[in-house]
Amino acid sequence: MQGTIIAYEPARRVGLIAPEDGGRNIGFRAEDVDVPKRLRPGEAVIYKLEAGDWYAARVRVLSAPRASRSRITAAVLAVLGGALGLQKFYLGYYGAGLLILVGTLVFWWLALPVFIAVGLGIAEGIIYLSLGNEKFEQRYLTGRRAWL
């Protein structure tokens, strides 16, 4: 079933969904949501009802958290600029990108950290290319998985 979050109380970690069909509102808990960080009124969701028909057992947020990112662009950035963390910045993982960039710039003279960063970039590029668009978006954009 589809609906929209109409209320969410962060302190209690509960909220209400207004069903698309206009029926009575459905309660949910933050633990049952795929991306709890994005709980806010107005978010479109898909949910599954539990036996009591008043409580959503599984809630999936549909709205995109930000503009969609291309997996091909991310893969090219990973292969060509992995040692600088360009793919991390592109995907919005600024902390991870900064870690790679600083590590490469500070320890370039040791060579080993640079080779590790390049290797990780190539590996991530291959992983990004091997995933379909939906799986890539689910894992790296919606699921917010920063590393491999």
Pull up the DSSP beta bridges for the chain and report the antiparallel fraction as a percent, rounded to 5.
90 percent
Please list 87-97, 108-118, 132-142 highest first by mean number of surrounding beta-carbon atoms within 10 Å per residue.
87-97, 132-142, 108-118
Can you tell me the orientation of helix 71-81 relative to the chain, as the angle in degrees between its alpha-carbon axis and the longest Cα principal axis, to the nearest 10?
30 degrees
Report D for the chain in µm² per second (integer): Stokes-Einstein, Kirkwood Rh on Cα pairs, 20 °C, 1.002 mPa s.
125 µm²/s
Simple spin-label estimate for residue 12 and residue 55 in nanometres, 7 Å along Cα-Cβ:
1.4 nm
Stokes-Einstein D for the range 67-148 at 4 °C, 1.567 mPa s, Kirkwood Rh over Cα pairs, in µm²/s?
104 µm²/s
So, in nm, how far is label residue 107 from label residue 146 when the simple model puts each one 7 Å beyond its Cα toward the Cβ?
1.6 nm
Assuming R0 = 41 Å, what is the FRET efficiency of residue 123 and residue 4, from their Cβ-Cβ distance, to the nearest 0.05?
0.55
Cα centroid separation - the range 1-20 against the range 108-148, whole Å
34 Å
In bins 5 Å wide, starting from 0, what share of all Cα pairs of the range 2-61 does each bin hold, as a percent?
4, 22, 38, 26, 9, 1
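Every number here is computed from the coordinates shown, using simple stated rules; none is lab data. These numbers come from a predicted model, not from an experiment. With ideal geometry, Cβ positions are generated from the backbone for all residues, glycine too; neighbour counts draw on all protein chains shown.
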